[in-house]
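Heads up: the structure comes next, in structure tokens.
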Amino acid sequence: QEHINHGWYSRFSSFETINERITVATIDFLKSNASKNEPLPVTQSKDMYKSCMDTDSINKLGYSVILKYLQQVDLPLVPRYFTLNQNDQEKFEFDWVKADVNVKKVFAKDLFLEFTVDLDVFNRSINVMYLGRSRNLSPLPSPFTTKNYRSERGTKRKSAKIESDEAELFEAAYKRVTVAVMKAVISNVTQVPSDEALTEAANIIWNITDEISEMAGDNDDDYDEDLDDLDIRTIKASELQNETDFIMKENGFTPTPVWKAYFTMLFKDVENVTLDLDNKDLIRYLPQDLEYIKNIVVYLSQSRGVEIELYAWYQTVYSMIISTTTEITEYIFKESSPFKKYSTLRSRCR
């Protein structure tokens, strides 16, 4: 009785059993009525849970609520990929630094870079800045991520044919979801583009996603045990700029100032924070992340602006749309379910 397996776990595990009990207890608690004696954060948590589960109200809101937040992060309501002619597309320059910062500040989501302020692992009394490779993370729920179909480390390798077939199925499902999401949002603004244009846009989004994942090492099956996650180095913003300039020149591009603007924008209008990027405010990073940090700048510099904007727009929209209507939520879960490695129980509190 202490290790019940309901059928959705592949093995008996005390940790999974405890996690299940905690999840059920949490849901039951959030469903309970608020009490005047409860702290305000507890009441707010219950209110938030009930609003998230009020599917009738959510369905009535539809996708229009997404438009407000697109404007807040200064992204277009409809990607310029669909609205500009070919000549204007070639001239368009996308400010990826601004987009990355805005999305991070509003959604706490990584687009191209992972940035966080956290305790110094060697001196827990101070907060410091960490910069690393993007894992395209978001605190908002999503069942549809590329890591969900990757082979788990330490498991028996499947044949190349099976892995190839699964990858193709995942890619096809990902693109179907991408088209559905674009249709749902754009239809609230203007006429939906042709199926051919949407399909081509989905191909672009998939390719950029896959290329960034490749650079970030998400596709690597083998884990290098020699890499030390506590081997944290420090670097000044100016030094990082110099290293980035060097690799930009090596690849035939004109260097552009990136890092001082990036960190300055991140902390703009943040109270009680004064950056000293030339002295005490150093950036922490892992050696294995440094190449990605520099190479992503090269990649974004050589890519078409309309395509990078399209990718940023989609990633931002997707992080919101999974919490909107029942129709799109059920469709995404249906498409993603063959590739998920999560307990079916956990989807109850999506």
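The values are calculated or read from the model by the stated rules, or taken from the named source; none is laboratory data. The model shown is predicted, which means the values in this text are computed figures rather than measured ones. Cβ coordinates were reconstructed from backbone atoms using ideal geometry, including for glycine residues, and neighbour counts include every protein chain displayed. All accessible areas refer to the heavy atoms of the entire protein, side chains included, with ligands and DNA or RNA removed. Shrake-Rupley method; radii C 1.70, N 1.55, O 1.52, S 1.80 Å.
Assorted remarks:
- Amide H contacts under 5 Å for residue 133, placed H, 5+ residues apart: 114
- Pairs over the 20 Å Cα-Cα cut-off, from the set 31/104; 105/260; 98/280; 68/98: 31/104; 98/280.
- Taking a point 7 Å from the Cα of residue 270 along the Cα-to-Cβ direction, the residues of region 113-127 with backbone N closer than 17 Å to it are 113-121, 125-127.
- Net charge of the neighbourhood of residue 305, taken over other residues with C-beta under 12 Å away and scored Lys/Arg +1, Asp/Glu -1, is -3.
- Tensor-based shape of region 193-316 (alpha-carbon gyration tensor, a/c under 1.5 rounded, otherwise prolate or oblate): prolate
- These residues, 107, 263, 82, go from largest to smallest accessible area, 1.4 Å probe, as 82, 107, 263.
- Label point distance in nm, residue 127-residue 211, each placed 7 Å from Cα along Cα→Cβ: 3.5 nm
- Overall form of region 22-127: oblate. Here a/c, set by the Cα gyration tensor axes a ≥ b ≥ c, is 1.5 or more, and a/b is not larger than b/c.
- Residue 247/residue 36 FRET efficiency (R0 56 Å; Cβ-Cβ; nearest 0.05): 0.40
- Links that overshoot a 27 Å alpha carbon limit, given the list 175/268; 91/249; 236/268; 91/236: 175/268; 91/236
- Expressed as a fraction of 2.2 N^0.38 Å, the C-alpha radius of gyration for region 57-339 is 1.06.
- GluC sites (Glu not before Pro) within region 262-327: DSSP coil, no more than 11 neighbouring Cβ in 10 Å: 271
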